[in-house]
């Protein structure tokens, strides 16, 4: 038996409970890891609260978590990794002492456990969207929610590709986003005028990572709905805008992201780590948007 965080009904963070569960057994192509860090993502909050019930109905009890980093503990037939430190997307949840990975990537020694676990979903999402938008050097890209974890990674990836990046962010994130090579402007009322002031030649593409009701104005800025993409606004179709959701194919991006992070060319800010039994507190902090960087559980 092992310890894991589960919930048996939708609700507030307090529905998360520390439970005794059977350690998962790796199937063909899978490895089991002793989890050293598991990232808390906004999707976890939506699943726990019931916001995803219409799309992905839960089979209680649910073990949450997408991203994990840890030490290989057991190996299924034909698995890519037999030993060592790895990271990847967990199959069947990562909020526990053990997790299964079916496409593990070796963790370089230069990466901390916290960064290794936090890099997975946010990095894959940022890189997927930039490719879907067809971002190219010389273009101007507007990123809404540039201060968030996905936005921060997207800023760095785009700047490294020779893209002029404008990012909307909260006042407390302006200096940090500017240091990454973007032009940061305050979000909220008047953001359109502020963006136009710093990008007088216009905006070519928009990546909405905020879900803050900015799609209509973003389409007007670019002049074409096909030039706008969101990962956070469920009203996308009403504006003719693409909604980008993750798939298993995103795993192809992880080796490149790991190499960049290990070389110091990609930074994933970590806000706080919590013991496994404080998962409810971690969720409450993320839900209240207290965090300025990634939140991780440390089993």
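The values are calculated or read from the model by the stated rules, or taken from the named source; none is laboratory data. Remember, it's a predicted structure, so these values are computed and weren't measured experimentally. Here Cβ is always computed from backbone atoms with ideal geometry, including for glycine, and neighbour counts include all displayed protein chains.
Worth pointing out:
- Residue in the stretch 1-16 that is at pLDDT below 95 and not in a loop (DSSP other than H, G, I, E, B) present: no
- Flag if residue 168 is surrounded by 23 or more Cβ atoms within 10 Å (Cβ to Cβ), more than 14 Å from the chain's Cα centre (by Cα) and either under 27 Å from residue 272 (Cβ atoms) or modelled with pLDDT under 95 (or both): yes
- Residue list for the stretch 73-109, filter: at positive phi and either over 21 Å from the mean Cα position of the chain (by Cα) or not in a strand (DSSP E or B) (or both): 78, 84, 92, 93
- Qualifying residue in the stretch 169-183 (condition: in contact with a strand residue (DSSP E or B) (Cβ under 6 Å, 6 or more places away or on another chain), touching a residue at least 40 places away in the same chain (Cβ under 8 Å) and within 24 Å of residue 121 (Cα to Cα)): no
- Scanning the stretch 59-72 for residues that are part of a loop (DSSP other than H, G, I, E, B) and under 22 Å from the mean Cα position of the chain (by Cα) turns up 64, 65, 66.
- If the condition is being buried (at least 16 other Cβ atoms within 10 Å of the Cβ) and part of a loop (DSSP other than H, G, I, E, B), then the stretch 35-51 contributes only 41.
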